[in-house]
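What follows is a set of notes on a single structure, which appears directly below.
The values are calculated or read from the model by the stated rules, or taken from the named source; none is laboratory data. Quick caveat: nothing in here was measured; it's all calculated off a predicted structure. Here the Cβ positions follow ideal geometry from the backbone for every residue, glycine too, while neighbour counts run over all protein chains shown.
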Amino acid sequence: MERSPQRDILRAMHWSRFGLALALAACAGCAPTYSQKRRAEAERLRTAVDATAPMPRPELAWRALGTSVKGRPLRVASIGHGPRRVLWIGGIHGDEREGRVATEELPTAFVGVPGAVDRVTLTILEDANPDGTAMKTRGNANGVDLNRNYPAKNFKPVRAFGIKPLSQPESRVVHDLILDGNFDLVIVAHSWRDDHFINYDGPAAAAASAALFAARSGYPVRDSGDMSPTPGSLGSWVGRTLNVPILTLEYHRGRDPWAAWEETRIAIVAVIVEGPGLAALPSTEEDAR
Ligand SMILES: [Zn+2]
C-alpha cells in the first residue's frame, strides 16, 4: 500500500463513527458532548495516521548537475531503465512550491506501478531554482525569471528575463540536461493564482498527454494559444523550438502540497508510464497502486 493520508483519514473517520456508535449504544443515558466527540475523533485520527507504515522509498543517487547563482546544487536523479525517457522538474519559480511533495513522492509511486521501471527511465530534477525557493521569490538570486531565459524564438531580452538567453547558470543546467536527455516528455510543476490546469506545448503527443492527464485528474487542459505569451519560457523552447512534448502543470496557488499530490498522483504516473505504443495502465486508482 502506498502512503495515502486521505485514505487513512477516511478509514479513521469510518472507525471513529463506529466506535462512537458502540459507545452510545452501551451508554444511552450518558452521550458524550460535542467537544468530547471531537476530541475522540481527533485522537483516533492521529493514531490512524501515526500507524501508517511508510512505504520504502527507492534509493536515489542524487547528483549535482551544476549550481545556482548562490552556489546551491541543482540535483538530479534517474530511476528505471526503460526506453521511454521522461523528465520531471519539481519547480522553476521559487514561490510556487506546491509540487514539492509530488517531487518527493513520485519515485515511490513510479516504482509501485508494475513494469514501470522496465518501460521508462524517469529523471527527476528536484528544483530548477533553489535560490528562489530559499528566498521564496519567483526569480533567481539575480531577480531573473528563469522561465523566460530559454533560447526560444519568442525570447525577449529584458532585464527581468535576462538580457540574453541562458544568461543564468540555472537555465544553462536545465538546457544541457534537456539536450543531453533526449526526452520523450518533460513535465514541470508550477502554481497559478486562483486556478489549476494542465498546459502543454509541442507536437501531437503533448496534446495527447495533456488530455490523458486531464482525464485522470479532472484538471482542465489549457492551450498555450489561449494564454498570455510567455517569451523564452521552458514550454516555448522545449515544445515549440525543440518539438519535444512538455506539460506545464499548474497547481492552485497555496494548495496544500499533499493534497496537490494526491489529486494528481494517478495522472502524473499515467503520463509518465503510458507512452505511444505502450499498453495503458489500469484505469482505476486501486489497480494502479
Ligand atoms: Zn510558475
Inset, instruction - Would you mind stating whether ASN154 is more than 14 Å from the ligand (Cβ to nearest atom) and in contact with a helix residue (DSSP H, G or I) (Cβ under 6 Å, 6 or more places away or on another chain)? - result: yes
Inset, instruction - Report, by residue number, each residue of the stretch 129-147 that is on the phi > 0 side of the Ramachandran plot and either among the charged types (D, E, K, R) or in contact with an Asp or Glu (Cβ under 7 Å, 6 or more places away or on another chain) (or both). - result: LYS136
Inset, instruction - Hey, could you check the stretch 174-201 for residues that are of a type in the set (Gly, Ala, Ser) and in contact with a Lys or Arg (Cβ under 7 Å, 6 or more places away or on another chain) and say which is surrounded by the most Cβ atoms within 10 Å (Cβ to Cβ)? - result: SER191
Inset, instruction - Please work out if LEU166 is within 14 Å of the ligand (Cβ to nearest atom) and either in the same structural domain as ASN129 (by TED's automatic domain parsing) or touching a His at 6+ places or on another chain (Cβ under 8 Å) (or both). - result: no
Legend entry - Any hit, the stretch 152-174, residues being within 17 Å of VAL86 (Cβ to Cβ) and either part of a loop (DSSP other than H, G, I, E, B) or in contact with a Leu (Cβ under 8 Å, 6 or more places away or on another chain) (or both): yes
Legend entry - Residues satisfying the stated conditions in the stretch 86-99, i.e. more than 13 Å from the ligand (Cβ to nearest atom) and charged (D, E, K, R): none
Legend entry - Selection within the stretch 74-84 - in contact with a helix residue (DSSP H, G or I) (Cβ under 7 Å, 6 or more places away or on another chain) and surrounded by fewer than 19 Cβ atoms within 10 Å (Cβ to Cβ): HIS81, GLY82
Inset, instruction - Answer yes or no as to whether ALA141 is in contact (Cβ under 8 Å) with a residue 60 or more places away in the chain, out of contact with any strand residue (DSSP E or B) (no Cβ under 6 Å at 6 or more places or on another chain) and surrounded by 18 or more Cβ atoms within 10 Å (Cβ to Cβ). - result: yes
Inset, instruction - All but one of (1) more than 16 Å from the ligand (Cβ to nearest atom); (2) hydrophobic (A, V, I, L, M, F, W, C); (3) within 16 Å of the chain's Cα centre (by Cα) hold for ILE178, so report the exception by its number. - result: (3)
Inset, instruction - Would you please list the contacts, defined by Cβ atoms under 9 Å and residues six or more apart or on different chains, that run from a residue in the stretch 180-191 that is touching a residue at least 24 places away in the same chain (Cβ under 8 Å) to a residue that is outside any strand (DSSP E or B) and among the acidic types (Asp, Glu)? - result: ALA189/GLU96; ALA189/GLU98; HIS190/GLU96; HIS190/GLU98; SER191/ASP95; SER191/GLU96; SER191/GLU98
Inset, instruction - Determine if the stretch 109-126 includes at least one residue that is buried (at least 22 other Cβ atoms within 10 Å of the Cβ), within 17 Å of the chain's Cα centre (by Cα), part of a loop (DSSP other than H, G, I, E, B) and within 16 Å of the ligand (Cβ to nearest atom). - result: no
Legend entry - Elements of type strands (runs of 3 or more DSSP E) contained in the stretch 183-272, each with 2 or more residues being within 16 Å of the ligand (Cβ to nearest atom): 185-192, 197-201, 246-252
Inset, instruction - Confirm whether VAL144 is outside any strand (DSSP E or B), more than 19 Å from ARG75 (Cα to Cα) and among the hydrophobic types (A, V, I, L, M, F, W, C). - result: yes
Inset, instruction - Determine whether ALA102 is within 16 Å of the ligand (Cβ to nearest atom) and of a type outside the set (D, E, K, R). - result: yes
